[in-house]
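Notes follow the structure.
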Amino acid sequence: MRGLPAVHRLLSEPAIVAYEDSLGREAVKALAREALERGRAALSAGHAFDTERRLLADLEAAATAQLQPVINATGILVHTNLGRAPLARAALDAAELIGAGYSNLEYDLYDGRRGSRYERVSARLARLFGAEDALVVNNCAAAMLLLLDTFARGRECIVARSELVEIGGGFRIPDVLERSGARLVEIGTTNKARVADVARALSPQTALILRTHRSNFSLEGFVEELDARELAAFARRSGVMLVEDLGSGALLDMTAFGLPRERTVREALEEGVAVVAVSGDKLFGGPQCGMLLGSTLALGRMRGNPLLRALRVDKTTLAMLDATARSHESDATRLAIPLYAMLAASVDELQRRGEAVIARAGHGRLVATRAAVGGGALPGATLASMAIAIDTPDADGVARRLRSARTPVIARIEEALVLLDLRSVLAAEDMALADAIAAAL
Ligand SMILES: *Cc1c(COP(=O)(O)O)cnc(C)c1O
């Protein structure tokens, strides 16, 4: 054990003492003790161990932010593992302004009395989506929980078998239904559902008819979907509420971006869906939250549910959501939302950026690729894109080295080729991408 340094010697080493400013003396001491313990174990097992180097690495890891920016070169624009939608400058400024001080979050400046947390942003969202009313909660999963808890607890909820989906991250429609105390009544088959099936399943216990966007898969072939208008008319006639989990939720016609036609939130509401739930950080391009849009009557009942308190969003989320919604109010300002700038970028533009990156990195060649929106929007749909391809006998090794770059780069590997898709890379990151390629090769 003579190879182990004494704790007081470690704690007087200038390079180690330097961490006391940021971490505090107690934390540095605790990490030193841990490093010594590891050293002791390694030495008694007959392994070499450099306690001081290990401690310096641990100190550095503790002093660095654990959440760090990465460059998304996967070509999947809304990537849940990489934090979904990047936020617009206006949203970040709003979060800073509201987060740094006090605000009228729940205060009515006109009356000088307590006000509602949701009122202002609700009005804007309702206008934007063409709904009577809106409510915001923590995410789309929370929105569904609140919806089901408010209307279907202890009662029945009719769902087509073809829509009993798992979204990812353990969000399964049948499980969410069970947690909220609703009884699931399945109708139709895996490939077919008809309004007549819904009619047969109706009982005095029926509280809701629930539809879910399939998000991450599509049905093809011998398929029959519930007709939205017919279903809405049936729901109205039978006095049962029709609700829909739209997930990503298109605000506008996405064909403008070369994407397939997708039913918008506004269309769903016009067809007669009473309440729609959508995510804030998918196709909307804003902060994580869940938006509930629909009739004043239904949303009023959800506002009165005590569960809302546990699902509520904070002031910075509301500030970012409001700013993002404002950006959506015109086609020009919408392009300031990073997701829409990425969707709107032309292939020529991506090619020019790619050429500049390759020139700086000194490696790679351009290839035509297809990028995906991701986030459960438009399953299977892709957009023309450009990628920097890196020919290498060791694609996994290059991908790993790209991940350990100063700004880590997440690539995709296709047929043993490392691909860096430019559509999901923010233009401001191009030079950092070039430097990461140069360093990795
Ligand atoms: C993504 C998705 C959800 C979950 O949304 P979160 O905002 O992540 O909670 C729920 N339903 C559908 C259909 C989805 O696509």
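The values are calculated or read from the model by the stated rules, or taken from the named source; none is laboratory data. Just so you know, these numbers come straight off a predicted model, no measurement behind them. Cβ: placed from backbone, ideal geometry, glycine included. Neighbour counts: every protein chain shown. Side chains are part of the model used for accessible areas, which takes the heavy atoms of the whole protein and leaves out ligands, DNA and RNA. Shrake-Rupley method; radii C 1.70, N 1.55, O 1.52, S 1.80 Å.
Any residue at all in the stretch 347-356 that's outside any loop (DSSP other than H, G, I, E, B), touching a Leu at 6+ places or on another chain (Cβ under 7 Å) and within 17 Å of residue 117 (Cα to Cα)?
no
Which one is nearest to residue 245 (Cα to Cα) among residues in the stretch 195-229 that are at pLDDT 95 or above and charged (D, E, K, R)?
Across the stretch 195-229, the extreme among qualifying residues is 211.
Consider only pairs whose beta carbons are under 6 Å apart and that are at least six residues apart or on different chains; among these, list those whose first residue lies in the stretch 147-173 and is touching a residue at least 40 places away in the same chain (Cβ under 8 Å) and whose second residue is in a helix (DSSP H, G or I) and more than 14 Å from the ligand (Cβ to nearest atom).
If the second residue must be in a helix (DSSP H, G or I) and more than 14 Å from the ligand (Cβ to nearest atom), the pairs left are 149/307; 150/301; 150/302; 158/198; 158/201.
Which of the residues that make up the stretch 110-151 are within 16 Å of the ligand (Cβ to nearest atom) and of a type in the set (Gly, Ala, Ser)?
Within the stretch 110-151, 134, 141, 142, 143 qualify.
Name the one entry in 219, 210 that is on the phi < 0 side of the Ramachandran plot, within 16 Å of the ligand (Cβ to nearest atom) and not in a loop (DSSP other than H, G, I, E, B).
That would be 210, the only listed residue that is on the phi < 0 side of the Ramachandran plot, within 16 Å of the ligand (Cβ to nearest atom) and not in a loop (DSSP other than H, G, I, E, B).
I need the full set of residues from the stretch 252-282 which are part of a loop (DSSP other than H, G, I, E, B), in contact with a Lys or Arg (Cβ under 9 Å, 6 or more places away or on another chain) and either free of Cβ contacts under 8 Å to residues at least 40 places away in the same chain or open to solvent by 30 Å² or more (accessible area, probe 1.4 Å) (or both), in order please.
Answer for the stretch 252-282, where residues must be part of a loop (DSSP other than H, G, I, E, B), in contact with a Lys or Arg (Cβ under 9 Å, 6 or more places away or on another chain) and either free of Cβ contacts under 8 Å to residues at least 40 places away in the same chain or open to solvent by 30 Å² or more (accessible area, probe 1.4 Å) (or both): 252, 253.
Could you run through the stretch 35-49 and say how many residues are surrounded by fewer than 17 Cβ atoms within 10 Å (Cβ to Cβ) and under 13 Å from residue 6 (Cα atoms)?
Looking only at that region, the number is 2.
Among the numbered criteria (1) within 14 Å of the ligand (Cβ to nearest atom); (2) open to solvent by 50 Å² or more (accessible area, probe 1.4 Å), which single criterion is violated by residue 92?
(1)
Among 293, 307, 321, which is the only one that is closer than 21 Å to residue 244 by Cβ, outside any helix (DSSP H, G or I) and of a type in the set (A, V, I, L, M, F, W, C)?
Just one listed residue meets the conditions, 293.
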